[in-house]
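Scroll down for the structure; my scribbles are underneath it.
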C-alpha cells in the first residue's frame with residue numbers, strides 16, 4: 001500500500017533564490033532529489049519534500065510565480081508581528097517564502113550584528129512552524145539545517161510538538177559545527193522559549209541555537225561520514241563531543257552531492273571548449289584561454305595551480321601562500337579567486353606583486369570565472385584545516401582539475417590518494433610542500449596525469465546516493481523499512 005511522507009526542509013538560503021555558501025547548494029538540490037526517488041525502492045512510500053526560506057531582500061524574484069499561502073501573527077516580546085507566506089515552486093519542489101518582522105527589516109542574508117541575526121532566524125524558524133496551522137499540508141518530519149533553523153526543533157520539543165502530530169520526527173544537518181549562533185538568551189526570552197538544561201552539555205551551550213537543535217533532534221547528520229566521526233572528537237567537537245558521543249547511532253554523516261547538470265564540462269556554457277573523461281583533448285583549449293584571460297604566459301606544459309573559495313585560515317590559504325614562494329625554483333603558475341580575511345587577501349595580492357609573471361589574485365566572487373578556472377587549471381589546492389564536506393574538490397574533479405587536499409572531513413571521503421588526487425596531513429606546511437612537489441613531478445607524466453583526471457571525472461557525485469541515504473533515515477524514523485534494490 002502506497003503512502004506519503006511529508007518533509008518540511010528549513011534552510012537559511014537555497015539556490016536558485018539566494019546563495020552565500022554551500023548550504024544554498026544543498027537546500028537547492030537535495031529536496032528535489034528526494035522528490036525524484038522512486039516509490040518502488042522505498043516500500044511504496046513517496047516523499048513530499050517542501051522547502052521553507054526567509055524572504056530575504058536578496059531573493060531573486062524575477063520570473064517567479066508567487067501566490068499567497070498564509071497570513072498570521074507571531075508573538076515577539078509580547079508584541080504581535082504580522083507574517084506573510086508566499087508560495088512558489090523550484091525544480092518541482094514547493095517553496096514557502098516567509099516574510100515579516102526582523103526578516104523584512106534585514107538588509108542582508110547574514111548580518112554582522114549577531115544579536116539581530118539570531119533574532120531574524122529565530123523569527124523565521126518559529127514562523128515556519130506557525131504557518132503549518134494555516135496550510136492544508138502537515139509534515140511528519142521537520143529537517144533543519146545549521147544553527148539558523150535549530151530553534152524550530154527546540155520549539156517543537158519544548159512545546160511538546162503541539163503544532164505537529166505526535167509521531168512527527170526531526171532531523172538536524174550540521175554543515176559547520178563551530179558556527180553555533182552564539183548566546184541567544186535574549187532571543188529565547190523574546191519568543192517565550194526556555195533555555196536548555198542538559199547536564200551532558202557545557203553550561204554555555206544552554207542558550208546557543210545549534211546545541212538547542214542538537215538536543216531536540218531525533219537524528220543528527222553531519223555533511224560527510226568523516227566529519228560525522230570528527231565532531232565526536234576533542235579536536236573537532238567544540239566542547240560538544242561528550243554529548244555527541246553519548247547520542248550513539250543518532251549521529252551519522254551523509255556526504256553532500258553536487259548538481260551534476262549544472263557542473264558539467266560537456267555542456268557548461270561558460271567554457272570556451274567542452275570536454276569529457278572520454279575526450280580530454282579539448283580541455284587544452286580551456287587552459288590556454290584561461291592563461292590568456294589571466295594575462296599569464298600560455299604554456300600547456302606549465303602546471304597551473306588554483307584555489308577557489310573563501311580566503312580564510314580554515315581553508316588553509318595561509319599555508320599555500322607560505323609554501324609557494326619557497327618552491328619558486330619549480331615551474332608553476334597560480335591563480336586564487338575569492339575573498340574573506342583582509343590580511344590574507346593582502347598576502348595574496350602581495351604574492352601576485354612578487355611573482356607578476358606567474359601569480360594572479362582575483363579578490364572577488366566571480367562564478368563564471370570560477371568555472372573557467374576549474375576547467376583550465378591542472379591542480380586544485382585545498383589544504384583545509386577542517387572541511388565538513390567541501391564542494392570545490394568535487395567540482396574540480398568533475399572538470400578534470402586534479403585535487404590536492406588535506407586529510408580531513410569530506411575531503412577524505414571524496415579524494416582517493418593516487419587514484420583521483422593527492423592527500424596530505426592537515427595543517428602541516430611541511431607535508432603540503434612535499435605533496436605539492438610530488439604532484440608537480442607527477443604532472444610531467446602525461447598518461448598518468450590524464451588517468452588521474454579521468455578517474456576523478458568519472459566519480460559519481462550526483463545527489464542520487466545522498467538522497468537515498470536521507471530517505472532511508474526518514475523511513476527509519478517513521479518506522480518503515482526500505483526495500484533492497486535489485
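The values are calculated or read from the model by the stated rules, or taken from the named source; none is laboratory data. Since the model is a prediction, treat every value here as computed from it, not as a measurement. Counting neighbours? That spans all protein chains shown, and the Cβs are built from the backbone with ideal geometry, glycine included.
How about segment 22-43: which of its residues are assigned to a helix (DSSP H, G or I), closer than 16 Å to residue 476 by Cα and at pLDDT below 95?
At the first step, the residues of segment 22-43 found to be assigned to a helix (DSSP H, G or I) are 22-36, 39-42.
Remaining after also requiring closer than 16 Å to residue 476 by Cα: 34, 39, 41-42.
Within segment 22-43, 39, 41, 42 meet the criteria.
Can you tell me which residue among 155, 222 is surrounded by 19 or more Cβ atoms within 10 Å (Cβ to Cβ), over 24 Å from residue 98 (Cβ atoms) and touching a helix residue (DSSP H, G or I) at 6+ places or on another chain (Cβ under 8 Å)?
Details: 155 fails: over 24 Å from residue 98 (Cβ atoms).
Being surrounded by 19 or more Cβ atoms within 10 Å (Cβ to Cβ), over 24 Å from residue 98 (Cβ atoms) and touching a helix residue (DSSP H, G or I) at 6+ places or on another chain (Cβ under 8 Å) holds for just one of 155, 222, which is 222.
Please enumerate the residues belonging to segment 18-41 that are surrounded by fewer than 23 Cβ atoms within 10 Å (Cβ to Cβ) and touching a helix residue (DSSP H, G or I) at 6+ places or on another chain (Cβ under 8 Å).
Correct list: 18, 19, 36, 37, 41.
Could you list, in sequence order, all residues of segment 375-393 that are out of contact with any strand residue (DSSP E or B) (no Cβ under 9 Å at 6 or more places or on another chain) and more than 16 Å from residue 333 (Cα to Cα)? Before you say what the answer is, go through the steps one by one.
First, pick out the residues of segment 375-393 that are out of contact with any strand residue (DSSP E or B) (no Cβ under 9 Å at 6 or more places or on another chain): 375, 391.
Matches in segment 375-393: 391 only.
Does residue 316 satisfy the condition of being surrounded by fewer than 17 Cβ atoms within 10 Å (Cβ to Cβ), assigned by TED's automatic domain parsing to the domain that holds residue 441 and over 29 Å from residue 91 (Cα atoms)? Spell out how you get there, then give the answer.
Working: surrounded by fewer than 17 Cβ atoms within 10 Å (Cβ to Cβ): no; assigned by TED's automatic domain parsing to the domain that holds residue 441: yes; over 29 Å from residue 91 (Cα atoms): yes.
Taking the combined requirement at face value, the residue does not satisfy it.
Picking from 372, 350, which residue would you name as being outside any strand (DSSP E or B), out of contact with any strand residue (DSSP E or B) (no Cβ under 9 Å at 6 or more places or on another chain) and in the same structural domain as residue 443 (by TED's automatic domain parsing)? Step through it out loud before you land on a result.
On the way: 350 fails: out of contact with any strand residue (DSSP E or B) (no Cβ under 9 Å at 6 or more places or on another chain).
Of the residues listed, the single one that is outside any strand (DSSP E or B), out of contact with any strand residue (DSSP E or B) (no Cβ under 9 Å at 6 or more places or on another chain) and in the same structural domain as residue 443 (by TED's automatic domain parsing) is 372.
Do you know which of the residues in segment 197-212 that are within 22 Å of residue 116 (Cβ to Cβ) and in contact (Cβ under 8 Å) with a residue 12 or more places away in the chain is farthest from the chain's Cα centre (by Cα)? It would help to see each step written out before you state the result.
Of segment 197-212, the ones within 22 Å of residue 116 (Cβ to Cβ) are 204-212.
When the remaining residues are screened for being in contact (Cβ under 8 Å) with a residue 12 or more places away in the chain, the result is 204-205, 207-212.
Values: 204: 26, 205: 24, 207: 25, 208: 21, 209: 19, 210: 16, 211: 19, 212: 21 Å.
If we take residues in segment 197-212 being within 22 Å of residue 116 (Cβ to Cβ) and in contact (Cβ under 8 Å) with a residue 12 or more places away in the chain, then 204 is farthest from the chain's Cα centre (by Cα).
Conditions tested, residue by residue: (1) assigned to a helix (DSSP H, G or I); (2) in contact with a helix residue (DSSP H, G or I) (Cβ under 7 Å, 6 or more places away or on another chain); (3) in contact (Cβ under 8 Å) with a residue 40 or more places away in the chain.
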{"position": "84", "(1), (2), (3)": "no, no, no"}
{"position": "88", "(1), (2), (3)": "no, no, no"}
{"position": "102", "(1), (2), (3)": "yes, yes, no"}
{"position": "122", "(1), (2), (3)": "yes, yes, yes"}
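For residue 252, are the conditions met, namely being crowded, with 23+ Cβ neighbours inside 10 Å, within 27 Å of residue 462 (Cα to Cα) and touching a strand residue (DSSP E or B) at 6+ places or on another chain (Cβ under 8 Å)?
no
If you check residue 95 against the conditions, is it in a strand (DSSP E or B), in contact with a helix residue (DSSP H, G or I) (Cβ under 8 Å, 6 or more places away or on another chain) and either within 17 Å of residue 136 (Cα to Cα) or touching a residue at least 24 places away in the same chain (Cβ under 8 Å) (or both)? Break it down into steps so the answer makes sense when it comes.
Numbers: in a strand (DSSP E or B): yes; in contact with a helix residue (DSSP H, G or I) (Cβ under 8 Å, 6 or more places away or on another chain): no; either within 17 Å of residue 136 (Cα to Cα) or touching a residue at least 24 places away in the same chain (Cβ under 8 Å) (or both): yes.
Answer is no for this residue.
Which one is farthest from the chain's Cα centre (by Cα), of the residues in segment 128-143 that are farther than 20 Å from residue 100 by Cα and not in a loop (DSSP other than H, G, I, E, B)? Lay out the reasoning, then the answer.
If we filter segment 128-143 for residues that are farther than 20 Å from residue 100 by Cα, which is where we start, we get 136-143.
Filter once more, keeping what is not in a loop (DSSP other than H, G, I, E, B): 141-143.
Details: 141: 21, 142: 19, 143: 15 Å.
Per the stated criteria, the residue is 141.
Can you go through 396, 427 and tell me which one is in a helix (DSSP H, G or I) and in contact with a strand residue (DSSP E or B) (Cβ under 8 Å, 6 or more places away or on another chain)?
Numbers: 427 fails: in a helix (DSSP H, G or I).
Just one listed residue meets the conditions, 396.
Residue 52 is checked against (1) more than 16 Å from the chain's Cα centre (by Cα); (2) within 16 Å of residue 148 (Cβ to Cβ); (3) in a loop (DSSP other than H, G, I, E, B) and fails just one. What number does that condition carry?
The one condition residue 52 does not meet is (3).
Among the candidates 118, 57, 46, single out the residue that is assigned by TED's automatic domain parsing to the domain that holds residue 183, in a helix (DSSP H, G or I) and touching a residue at least 40 places away in the same chain (Cβ under 8 Å).
Working: 57 fails: in a helix (DSSP H, G or I); 46 fails: in a helix (DSSP H, G or I).
On inspection, the qualifying residue turns out to be 118.
Test of understanding: among 326, 358, which residue is within 23 Å of residue 439 (Cα to Cα), surrounded by 13 or more Cβ atoms within 10 Å (Cβ to Cβ) and over 30 Å from the mean Cα position of the chain (by Cα)?
Going through 326, 358 in turn, the sole match is 358.
Quickly run through segment 60-73 and pick out the residues that are part of a strand (DSSP E or B) and either within 25 Å of residue 4 (Cβ to Cβ) or modelled with pLDDT under 95 (or both).
Our first condition is that a residue be part of a strand (DSSP E or B); within segment 60-73, this holds for 67-73.
Residues satisfying the conditions are 67, 68, 69, 70.
Kindly indicate which of 286, 224 is more than 30 Å from residue 171 (Cα to Cα) and touching a residue at least 40 places away in the same chain (Cβ under 8 Å).
On the way: 224 fails: more than 30 Å from residue 171 (Cα to Cα).
Only one candidate passes the filter, namely 286.
When only residues in segment 412-427 that are touching a residue at least 60 places away in the same chain (Cβ under 8 Å) and in contact with a helix residue (DSSP H, G or I) (Cβ under 8 Å, 6 or more places away or on another chain) count, which is farthest from residue 228 (Cα to Cα)? Full working, then the answer.
Start the filter on segment 412-427 by keeping residues that are touching a residue at least 60 places away in the same chain (Cβ under 8 Å), which leaves 412-414, 426-427.
Then drop every residue that is not in contact with a helix residue (DSSP H, G or I) (Cβ under 8 Å, 6 or more places away or on another chain), which leaves 412-414, 427.
Numbers: 412: 12, 413: 11, 414: 14, 427: 20 Å.
Filtering first and then ranking leaves 427.
May I ask you to list the residues in segment 445-478 that are assigned to a helix (DSSP H, G or I) and under 18 Å from residue 422 (Cβ atoms)?
The answer is 446, 447, 448, 449, 450, 451, 452, 453, 454, 455, 456, 457.
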